[in-house]
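Presented below is the structure to which this report refers.
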Amino acid sequence: MAIDSPPLTSPDEAASPRMSGRDKLTLMVLCAAQFIVALDFSILNVALPVLGDDLGMSQADLQWAVTAFALPSGGFLLFFGRIADLYGRRKLFLTGLVLFTVASALATVAWDPTTFLTGRALQGLGAAVIVPTGMSLLTTTFAEGPQRERALGISGTLMSLGFTIGMVLGGVMTDTLGWRSTMGLLAVAGVGVLLAAPNLLTESRRAERPRLDLPGAVTVTGGLLAVIYALSTAAQRGFGGADVVLALIAGAVLLVAFVVVESRAAEPLVSLPMLRRRTVAWGNLAGLTTFAMMSSVIFLLTLYLQEVLELSAVRTGLIFGVTGVAAALAGMTAPRIIARFGARATLVTGLLVQAVCTAALLGLGDGPAGAWLALVGSSLGCVGHLWAIVAYGVTATSGLPDGSQGLATGLVTSSQQVGLTVGIPLLSALASARVSTLRDGGAAFAEATLGGVRVGVGVDAAVVLVVAAATFFGLRRAR
């Protein structure tokens, strides 16, 4: 039987939520790496117009500043999660950090669109290495129980906070220091993690090295790349384009082929029996949904606050700052709630809270009260969101041997990254349908934007509610 290096914590220590000083430093390094990746997902959103003017990128090409990062970061997650299981998680984690840091420096000094987009794509590739290896190192360092629940709570909180804080930092730094400072911040943060990581992390890999499932790696990576490209492009031009339709068809075909390949492979990239475990399947579906829908709410509220209420970037940032504080507090309390009520009950409750608070945002209007509703609704919604994040990580990785943790955490982190990648394009395509024929500014544009935001929010709440109900019944049968 394949085994991993033993966790740093002993069984007695694992039974207690208290961590040693070294454990805390290790967790800090792993969470810092996850945080800067999440930051990278959103820090450029506000800076895109300024960046385009500086580098000479057309409005139509600006989407590639986001897509160039999203494609590799979402497409290669499962592949690198498996590579890390076979050849060493610590080694690959450090390699990904080096790649991400160098790519961030390249994007900082980019002198033309090609150089910049190359840096963004390499950032995405580095992120695809960092996220699954970092999560695998976390779950193999902290044994199943209170310590792992606490570690996953902190990691999930910082992952969600990174996306929210990135939107705030992006606007402030672009206004004061220029757009290049956003990429420079990531490079500096990467150097900081690289200086600390080698002395804290221990190597972890499977004792035996089976062959890499190359057909599975090609089909799943190609399928994810095609789907992410289609959704990212549809957010800008709609779903009617030939390239979007062809990419969606190609993605669907490749993902179906992946399932067929995995069912016949002697040493599959993803164990289908693992996916047939209800805790793994329902946990990851819930995780993908909560990430996709909450990141979409934040994006839609950004449009609402700036385009409808015409709030400044600073005031918008303050609102999301409160949301971030609520998320941080929820992440800190989540392990205690899980210990009291169980991961499954916490997961379903978190999804329900997120759904109800999102539905409340249907009351958004064009008056000043809308800002308060956005603040309260998003903040309380983030509380449920963080409960769901921590609970789904625990649910989807519990009860598995260490030799399967890389596959399990690869699925968990794929759910996070794919959720962050596909949620915004899907709902922004719905929200922008009403404003695609209007020019920026004016009462008609604001009214159309408000209508689009309401459509997006309504769909968002409905999706979360349906998944919450399905997860409840699915996990109840799993008992």
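Derivation of every value follows stated rules applied to the coordinates shown; laboratory data play no part. Predicted model, so just to flag it, every value in this text is computed and none were measured. Virtual Cβ from ideal backbone geometry, glycine too; neighbours counted across all protein chains shown.
Extending 7 Å from the Cα toward the beta-carbon at both residue 24 and residue 118 defines two label points whose distance is 4.4 nm.
Per-residue extension of 0.36 nm, minus the Cα-Cα distance of residue 245 and residue 267, leaves a gain of 4.6 nm for this segment. For the pair residue 53 and residue 203, label points projected 7 Å from Cα toward Cβ lie 5.2 nm apart.
Given their separation in residues at 0.36 nm each and the Cα-Cα distance between them, residue 195 and residue 218 gain 4.9 nm when the chain is fully extended.
Residue by residue, region 216-231 carries 3J(HN,Hα) couplings of x, 4, 5, 5, 6, 5, x, x, 5, 4, 5, 5, 5, 4, 4, 5 Hz when phi is fed to the Karplus relation 6.51 cos²θ - 1.76 cosθ + 1.60 (θ = phi - 60°); x denotes Gly or Pro. For the pair residue 253 and residue 277, the difference between a 0.36 nm per residue extended length and the Cα-Cα distance amounts to 6.2 nm.
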